[in-house]
1. So how many residues does the stretch 58-95 have that are acidic (Asp, Glu), touching an Asp or Glu at 6+ places or on another chain (Cβ under 9 Å) and either surrounded by 14 or more Cβ atoms within 10 Å (Cβ to Cβ) or not in a loop (DSSP other than H, G, I, E, B) (or both)?
2. With the structure loaded, tell me whether Val49 is surrounded by 14 or more Cβ atoms within 10 Å (Cβ to Cβ) and assigned to a loop (DSSP other than H, G, I, E, B) or whether it fails that test.
3. Which members of the stretch 27-46 meet the condition of being of a type in the set (Asp, Glu) and part of a strand (DSSP E or B)?
4. Across the stretch 42-84, which residue is nearest to Pro31 (Cα to Cα) among those that are touching a Lys or Arg at 6+ places or on another chain (Cβ under 8 Å) and among the hydroxyl-bearing types (Ser, Thr, Tyr)?
5. Kindly provide the set of residues from the stretch 30-74 that are under 24 Å from Gly86 (Cβ atoms) and aromatic (Phe, Trp, Tyr), ordered by number.
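Values quoted throughout were computed directly from the atomic coordinates according to the rules given, and no laboratory measurement underlies them. Keep in mind that this is a model prediction, so the values were computed, not measured. For neighbour counting, all protein chains shown are included, and Cβ atoms are generated from backbone atoms with ideal geometry for every residue, glycine included.
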Amino acid sequence: MSPERVVESAPARVRAGVTWLPTTSWDISHPSLYTVDGRVNVDAATIQVNFADGSNIRLPVVEGLFLGSLDRKVEVTQVTAYDKDGNQVAQMTRP
């Protein structure tokens, strides 16, 4: 099965794949971190968040949801979902 490719846009938030939601509604603001969350609408175990500087992090997916804290200075370029066997199952590229 080939991975689903989703480019983020307003309609992409409801399509299958990866939905990325930088959270700005938390009650307490952190000076150097921001919290991100999202939904993976495919059977995924982890997501990999890629940054403009070439670095990345992996976050677990639990019940189709992920949550993480990122440095405020990073620019997210792509989010890729992987199943439990490490196969790519969805991808979202930020414009």
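1. Looking only at that region, the number is 1.
2. no
3. To start, the set of residues in the stretch 27-46 that are of a type in the set (Asp, Glu) comprises 27, 37, 43.
Residue satisfying the conditions is Asp37 alone.
4. Across the stretch 42-84, the extreme among qualifying residues is Thr77.
5. Phe51, Phe66, listed by residue number.
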